[in-house]
Amino acid sequence: MQTSARIPSLPGKSYFSMHRWFYKMYQAGLLYDPDEPAKNIVVIATGLPTFTPEECEVLDSAMDLMFQVHGDRVHEVCWHFTQKAMGIQSI
């Protein structure tokens, strides 16, 4: 089954793969809190879900894998790109 091209695949378990995945999510404007299930993410203006059910499955699986392999480093990488999206320079 093919999911929307909006969601990047997670090509591996390495730190580089995780970093690249968050970079692609940042570029697509799809960053969200990694502690939240994807189905809970909504478009603020409309209240409608941001992701389709198929995308939610892909996202939740990717997050589960990243947390299993990298633990809290998931938060660090996501926060780096969140700051970038907000125009904050990280050191």
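Here the range 1-42 and the range 64-84 have alpha carbon centers that stand 11 Å from each other. Using 0.36 nm per residue and subtracting the Cα-Cα separation, the extra length available between Val69 and Leu48 on full extension is 4.4 nm. Over all other residues within a Cβ to Cβ distance under 12 Å of Cys78, the charged ones net out to -3, with Lys and Arg as +1 and Asp and Glu as -1.
Short-range pairs are left out: with C-alpha atoms under 8 Å and at least six residues apart, the relative contact order of the range 15-85 is 39 percent. Spacing of the modelled spin labels on Gln27 and Ala85, each 7 Å from Cα toward Cβ, amounts to 1.6 nm. Suppose only helical runs count, i.e. DSSP H with n ≥ 4. What mean residue ellipticity at 222 nm does that imply for the chain under -39500 (n - 2.57) per run, divided by all residues and rounded to the nearest 500 deg cm²/dmol? That calculation yields -16000 deg cm²/dmol at 222 nm. Rounded to whole Å, the principal axis extents of the Cα atoms in the range 1-56 read 35, 25, 19, largest first.
At 0.36 nm per residue, and after removing the present C-alpha to C-alpha distance, how many nm does the segment from Ser9 to Asn40 gain when stretched out fully?
So the chain would gain 9.1 nm between Ser9 and Asn40.
All of the numbers you see were taken from the coordinates with simple rules; none came from a lab. Quantities reported herein were computed from a predicted structural model and do not represent experimental measurements. Neighbour counts are summed over all protein chains in view; Cβ atoms, including those assigned to glycine, are modelled from backbone coordinates with ideal geometry.
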